[in-house]
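Here's the structure, in structure tokens; my notes come after.
Nothing in this text is a laboratory measurement; each read-out follows from the coordinates by a stated rule. Given the structure is predicted, the values throughout are model-derived calculations rather than measurements. Glycine also receives a Cβ, built like all others from the backbone with ideal geometry; neighbour counts cover every protein chain displayed.
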Amino acid sequence: MGLRLRLRLPHHKSSPRTPSYLLLCVLALSFFSFTALLLYKVDDFIAQTKTLAGHNLEPTPWHIFPRKSFSEGTKHSQAYRILQCSYFSCPYNAVVQPKSLQSESVSGRRTHQPQCPDFFRWIHRDLEPWAKTGVTKEHVKRAKANAAFRVVILSGKLYVDLYYACVQSRMMFTIWGILQLLNKYPGMVPDVDMMFDCMDKPIINQTEYQSFPVPLFRYCTNEAHLDIPFPDWSFWGWSETNLRPWEEEFGDIKQGSRRRSWDNKQPRAYWKGNPDVVSPIRLELMKCNHSRLWGAQIMRQDWAEEAKGGFEQSKLSNQCNHRYKIYAEGYAWSVSLKYILSCGSMTLIISPEYEDFFSRGLLPKENYWPISPTDLCRSIKYAVDWGNANPSQAETIGKRGQGYMESISMDRVYDYMFHLITEYSKLQKFKPEKPASANEVCAGSLLCFAEQKERELLERSRVVPSLDQPCKLPVADRSRLERLIQQKKKTIENVRYMEMTRTKKSSK
Ligand SMILES: *[C@@H]1O[C@H](CO)[C@@H](O)[C@H](O)[C@H]1NC(C)=O
Ligand SMILES: *[C@@H]1O[C@H](CO)[C@@H](O)[C@H](O)[C@H]1NC(C)=O
């Protein structure tokens, strides 16, 4: 072949004006102009395509944080990656879940359905503002003004519309969690259209939005706000602080907690964390760092330093050596609560301003000890003294706290998401549709955008279709929740009273 070609070449050269040569010229010209256009478009493309990893997304204007920087080599390799991840990672995946398989796995499910934990009742209460009116397109439109991203589920497929960037890898891990829910309960998650914000503080002020409540999902809420709490990203991992998926962390912490018996744990209260997160209570806590005066040891965590040292000093399983562990909120709620409770030490919770989906089920003097935010050091000292005077009671409170966290298994986290989404979808007054600017997101496309470390964590929290049904959602019972809230307040008041009377006695 090669020989023949070479032999022919001179012949072609000698007759350059044949029609085939012209055709070749035209073809070459169009190829070059196409390539030039493509190269030119690549810049546009990189500059415009928004991605789950945060490309081309501004931080939320209602909460400014530094823009993410991406160091992924040349522009063209970046463009290639964005193109590949955004547009060529999902179709293959779609083939994996044909309808027949879905119904098979649903019908093959075990019928046993345990009752969900009591705190699932909050789902009804969180959605109450829309019970009468339902959720209309106008609601969604207004929620969009406060949202970082929108999640639309249609026939078990996930579409995400991106508006603003989220801090660190929050968005990626949250969306991964939703994808895993779809994996776990194939064919069961209803069509839904949800607006999410991923910043810390709730913003739908109950008073201001009274006449037209806006449905916005985020990681925490409180009595003064209507934001709907949803499990935060850390249940699937938090790569920036080296936290692995929740069940791995829980298992290790529980094991670490067994290394010392109660008697051998230090009879003091311990806190280790980052005080520089615009949290007045954490700054206040720094003042209680005195073993003899306040019975407390307060340690500063510098995440940048920890990262350099390979996070050796921040292992949670090595931080269960004290009988008492303090929880202090950060800028809003803090993901640290679940790890602190997991130690099995008596948890001293400084009365929080914010609550996440599971913390509302905690009961003072039952599975934690309430600390006053206004007389912080003295309140900590009182708790430590009470615990050291009543060691078996203190140990029991600690064990119940650990048991509470053990009951929040990933199965229950997915069940909470499942019921919340299902109940919310029932309120929709419209048929959800794919927003024009939304892209389909599947495991492949999300992993494609993940950095090495993120990908490792995400892979570890992958789920397979469940053989069990979700737990059974308790019915709405407003008066029961009210009773619990009142009972909680009363118990906390009692502790405050005990503190006060002791302070008076000792100052006499
Ligand atoms: C909610 O809005 C009302 C009325 O504007 C205001 O008085 C109140 O302080 C706000 N609450 C919070 C928690 O921001
Ligand atoms: C608290 O006191 C201990 C022991 O004196 C010290 O090592 C630690 O750095 C102190 N913590 C803070 C946050 O200053």
**Prompt:** Is segment 455-508 best put as rounded, prolate or oblate by its Cα gyration tensor, with a ≥ b ≥ c the root eigenvalues, rounded for a/c under 1.5, and otherwise prolate when a/b is larger than b/c, oblate when not?
**Reply:** oblate
**Dipole magnitude (debye, nearest 20) for segment 146-250, charges at Cβ of Lys, Arg, Asp, Glu** = 240 debye
**Charge dipole of the chain about the Cα centre (unit charges at C-beta), most positive-ward option of SER437, TRP262, PHE235** = TRP262
**Complete:** With -39,500 (n - 2.57) per DSSP H segment of 4 or more residues and division by the full residue count of the chain, the 222 nm estimate, nearest 500 deg cm²/dmol, is -14000 deg cm²/dmol
**Message:** What is the angle, in °, between the Cα long axis of helix 391-407 and the longest principal axis of the Cα atoms in the chain? Nearest 10 is fine, range 0 to 90.
**Reply:** 20 degrees
**Sorted by Cβ neighbour density within 10 Å, fewest at the top, the residues LEU127, LEU341** = LEU127, LEU341
**Size of charge dipole - segment 420-460 - debye, nearest 20, with Cβ of Lys, Arg +1 and Asp, Glu -1, no other charges** = 260 debye
**Request:** Just the isolated ones, please: cysteines in the chain lacking another cysteine beta carbon under 4.7 angstrom.
**Result:** CYS25, CYS220
**Message:** For the pairs LYS201/LYS308; LYS184/LYS315; LYS254/LYS489; LYS308/LYS399, flag any whose C-alpha to C-alpha distance is greater than 32 Å.
**Reply:** LYS308/LYS399
**Distance from segment 286-358 to segment 400-414 (C-alpha centre basis), Å** = 19 Å
**Complete:** Classified through the alpha carbon gyration tensor (a ≥ b ≥ c as square roots of its eigenvalues; rounded if a/c is under 1.5, else prolate when a/b is larger than b/c, else oblate), the chain comes out prolate
**Item:** Helix 410-427 vs. the chain, principal-axis angle (Cα, 0 to 90°, nearest 10)
**Value:** 70 degrees
**Prompt:** Taking amide hydrogens as modeled 1.01 Å from N in the peptide plane, which residues meet the under 5 Å criterion relative to ASP191, leaving out close sequence neighbours?
**Reply:** SER155
**For segment 271-376: Kirkwood Rh in Å [reciprocal of mean 1/r, alpha carbons]** = 14.4 Å
**Request:** About the Cα centre of segment 354-404, how large is the charge dipole given +1 on each Lys and Arg Cβ and -1 on each Asp and Glu Cβ? Please answer in debye to the nearest 20.
**Result:** 80 debye
**Message:** What are the extents of the Cα atoms of segment 123-237 along their three principal axes, in Å, largest first?
**Reply:** 37, 30, 24
**Complete:** Restricting to lysines and to Cα separations under 16 Å from LYS41, and discarding same-chain partners fewer than 8 apart, the set is LYS50, LYS75
**Prompt:** Helix 376-389: angle to the longest alpha-carbon principal axis of the chain, degrees 0 to 90, nearest 10?
**Reply:** 70 degrees
**Message:** With unit charges on the beta carbons (Lys and Arg positive, Asp and Glu negative) and the dipole taken about the Cα centre of the chain, which residue among SER33, TRP246, CYS90 sits farthest to the positive side?
**Reply:** TRP246
**Fill in**
Placing one equal point scatterer on each C-alpha of segment 370-449 and summing with Debye, one gets log10 I(q)/I(0) at q = 0.14, 0.21, 0.23, 0.25 Å⁻¹ equal to -0.79, -1.09, -1.15, -1.16
